[in-house]
Every structure is written in structure tokens, then in C-alpha cells.
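Following: one structure in C-alpha cells, then a few remarks.
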Amino acid sequence: MSAHDPTALPTPRPVPVFRGRIGRDARSGHYAVPRRYRLHLCLSCPPCLRTAVVHGLLGLEADCPVTLLPTVPDGPGGEHSALRPLYEASAHHYPGAAVAPVLSDDWSGRIVSTHAPDIMRDLALHFGTGATALYPPGAEAEIEGVRRLCELGVDTAAQRAGRVDADAEERAAALGSLLRTLGALEGRLTDADYLLGGQLTAADVELWVSLVQLDTVHRWHLDAAAVHRIADHPRLWAYARALAAHPAFGGLLDLDGLARRHHAHCRGLEAAGAAVQIVDWCGHLPETARAVADTRR
């Protein structure tokens with residue numbers, strides 16, 4: 001089986017070796033100074049998209065510039081060759097792939113962190129004016145719980161449900177796990193607009209990106225019956241559509257880029273569910289983002 005077959009479980013992303021944190025003062029080493037740090041992001045990559053959404057919600061365009069990377073990585077293991085000098089400057093003869101996201105320090109020319117959850121939280125707590133909204137006091141464990149639920153119960157379960165090398169029983173078990181997770185998330189939205197209640201938080205960023213991936217990437221390898229069962233969570237998908245209309249969410253959604261990245265490395269079989277799109281994402285994007293999407297077609 002090809003190493004690039006996304007219907008099999010993909011090779012796990014390497015455990016980030018760069019886990020520096022931004023602190024409050026000069027004693028921390030990496031302390032918060034406007035325009036000291038830079039994000040390097042590829043918007044077709046889920047951790048990068050999550051980071052970009054948080055960056056946009058916080059309005060950090062001036063304080064922390066973003067360098068956008070090509071939609072399709074140009075090296076093995078998801079490597080972006082443009083990031084190789086940063087990795088080499090930060091760890092001599094770095095053996096792994098130079099992957100995004102990257103938070104770099106323009107003062108030293110080195111990497112601070114490649115771990116999206118840390119990057120998102122540090123940007124919010126040390127630069128953003130909306131930090132307490134995205135990361136409410138006392139909600140850190142719940143946000144982390146949602147992140148893990150999305151990773152295992154949505155992303156990994158959807159990948160397993162579409163594996164070409166798995167038997168029917170394994171695929172059915174994975175689909176069952178995915179549906180149970182979606183049902184639990186649907187229940188949380190019964191009497192609330194957002195996962196943690198009445199305000200948008202980082203938990204919603206985590207879930208929204210997983211729903212985008214589910215409909216634009218994983219759906220290609222699921223049968224039509226499975227996709228119809230996934231779509232049968234009306235509150236969840238209405239929530240996804242509503243967030244897509246927000247400029248900080250839909251304004252960053254590159255549908256063409258997501259498709260190109262997927263098909264550039266995909267060696268799996270297209271299933272009947274590929275034709276059953278759950279959300280008309282383009283129809284729910286902000287006007288400016290919709291115009292950009294139309295020009296890319």
C-alpha cells in the first residue's frame with residue numbers, strides 16, 4: 001500500500017520538538033513584543049487553519065505577521081522547503097520534515113514552537129484583547145477535552161472508517177465511533193450557539209476545522225450511506241455554516257487548496273460519498289472570500 005494513501009491511517013505527525021512558550025516579561029526568554037514573532041502557515045493544513053482562525057479572531061495581523069506557505073507541501077512528509085532554513089537554524093542537521101505551523105522569532109531567526117495548541121493559547125493570552133473570550137478562565141481543561149475529542153472521535157475515526165485496507169467490521173466500528181461523537185456534539189448545541197455556552201471559544205475553532213476536514217477530505221473515502229448518516233446532525237452542520245460566514249473562519253477557507261492538497265497525495269479509492277457534499281461551503285463564505293473562491297475555480 002502506498003505511503004501516501006490517506007484512506008489508511010496517515011503517518012503520525014512527528015511529536016513537536018520545538019515547544020517554546022511566550023511569556024509575560026523579559027525573564028521568560030521569549031517574551032511578548034509586538035512584531036517580534038511571525039507565523040508560517042499553510043491554510044490547507046488543519047493545525048495551521050486553526051492557528052490562523054485564532055490569529056484572525058484576535059486581530060493580530062499587525063502584531064504578529066503571517067507568512068503563507070503553498071497549499072501543497074513540496075517535500076516528503078509534508079515538508080515545506082521554505083521552512084528548511086528555519087529548522088536548520090534552530091536545530092543543526094534537523095532530521096525530520098520542515099512542517100507547518102511554525103511560530104518563529106524574527107530577532108533570533110529561530111523557531112519558538114511548532115505545536116499549534118500552545119501557539120494559539122500564547123497568542124491569545126499575551127497579545128490578543130479577546131483572550132478571556134477565547135480561553136475563559138477555568139475552561140482550559142474543557143477546551144483541551146474538545147481538542148482531543150475532535151482528534152480521536154472525528155478526525156481519526158473518519159480516517160479509519162474510510163480505510164481501504166480495513167475489513168467491513170473495522171470500518172463499521174470506526175463509523176460508529178464517529179457517529180457517537182457527532183451525536184454528543186450535536187447534543188451540546190441543543191440549547192447553545194457554541195460548545196461552551198453563549199460565547200465563541202477556542203473549542204469552537206477546534207471543532208469547526210474538524211467538520212471542514214470531515215466534509216471536504218474524509219468524505220471522499222466514505223460510502224453514500226455513511227455520509228448521509230454523518231449529515232443527519234442538523235444543529236451541528238448549521239453551526240458549521242454559521243461559523244463559515246464569519247470572516248475569521250470562512251475568510252481563510254481555501255476550498256480549492258484543500259482539494260489540491262488532498263488529491264496531490266491521495267492514492268485511495270474514491271467512494272460513493274464523494275458526491276454527497278454536506279455543506280455548500282462556498283455559498284456560506286463571507287462575500288469577499290466567496291469572490292476569491294470563484295476566481296480560483
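The values are calculated or read from the model by the stated rules, or taken from the named source; none is laboratory data. Everything quoted here is computed from the prediction, not taken from an experiment. Here the Cβ positions follow ideal geometry from the backbone for every residue, glycine too, while neighbour counts run over all protein chains shown.
Can you pull out the residues in segment 83-96 that are in a helix (DSSP H, G or I) and surrounded by fewer than 17 Cβ atoms within 10 Å (Cβ to Cβ)? Listed by number, the residues that qualify are R84, P85, E88, A89.
Report whether or not R171 is assigned by TED's automatic domain parsing to the domain that holds V217 and either among the hydrophobic types (A, V, I, L, M, F, W, C) or in a loop (DSSP other than H, G, I, E, B) (or both).
In short, no.
Output the number of residues of segment 97-122 satisfying the condition of being touching a strand residue (DSSP E or B) at 6+ places or on another chain (Cβ under 8 Å) and either surrounded by fewer than 20 Cβ atoms within 10 Å (Cβ to Cβ) or within 23 Å of A26 (Cα to Cα) (or both). It would help to see each step written out before you state the result.
So in segment 97-122, the residues touching a strand residue (DSSP E or B) at 6+ places or on another chain (Cβ under 8 Å) come out as 100-106, 110-115, 118-119, 122.
Within this subset, residues satisfying the condition of being either surrounded by fewer than 20 Cβ atoms within 10 Å (Cβ to Cβ) or within 23 Å of A26 (Cα to Cα) (or both) are 102-106, 110-115, 118-119, 122.
Number of matching residues: 14.
Against the test of being of a type in the set (A, V, I, L, M) and part of a helix (DSSP H, G or I), the options A133, A100 yield a single qualifying residue, A133.
Only one of the numbered conditions (1) at pLDDT 95 or above; (2) in the same structural domain as W220 (by TED's automatic domain parsing) is not met by R163, and that is (1).
Just to be sure, is D204 within 16 Å of A184 (Cα to Cα) and in contact with a Phe, Trp or Tyr (Cβ under 8 Å, 6 or more places away or on another chain)?
Working: within 16 Å of A184 (Cα to Cα): yes; in contact with a Phe, Trp or Tyr (Cβ under 8 Å, 6 or more places away or on another chain): yes.
So D204 fits the description; yes.
A search for C-beta distances below 7 Å between a residue of segment 50-64 that is outside the structural domain of L285 (by TED's automatic domain parsing) and any residue that is aromatic (F, W, Y) and crowded, with 24+ Cβ neighbours inside 10 Å, counting only pairs 6+ apart in sequence or on different chains, returns V53/F249; C64/Y37.
Please state which one of L41, L68 is surrounded by 18 or more Cβ atoms within 10 Å (Cβ to Cβ), within 21 Å of L123 (Cα to Cα) and not assigned by TED's automatic domain parsing to the domain that holds T156. Before you say what the answer is, go through the steps one by one.
Numbers: L68 fails: surrounded by 18 or more Cβ atoms within 10 Å (Cβ to Cβ).
Testing whether each residue is surrounded by 18 or more Cβ atoms within 10 Å (Cβ to Cβ), within 21 Å of L123 (Cα to Cα) and not assigned by TED's automatic domain parsing to the domain that holds T156 leaves just L41.
In the condition set (1) modelled with pLDDT of 95 or more; (2) assigned to a helix (DSSP H, G or I); (3) under 29 Å from R35 (Cα atoms), V112 is compliant with all but (2).
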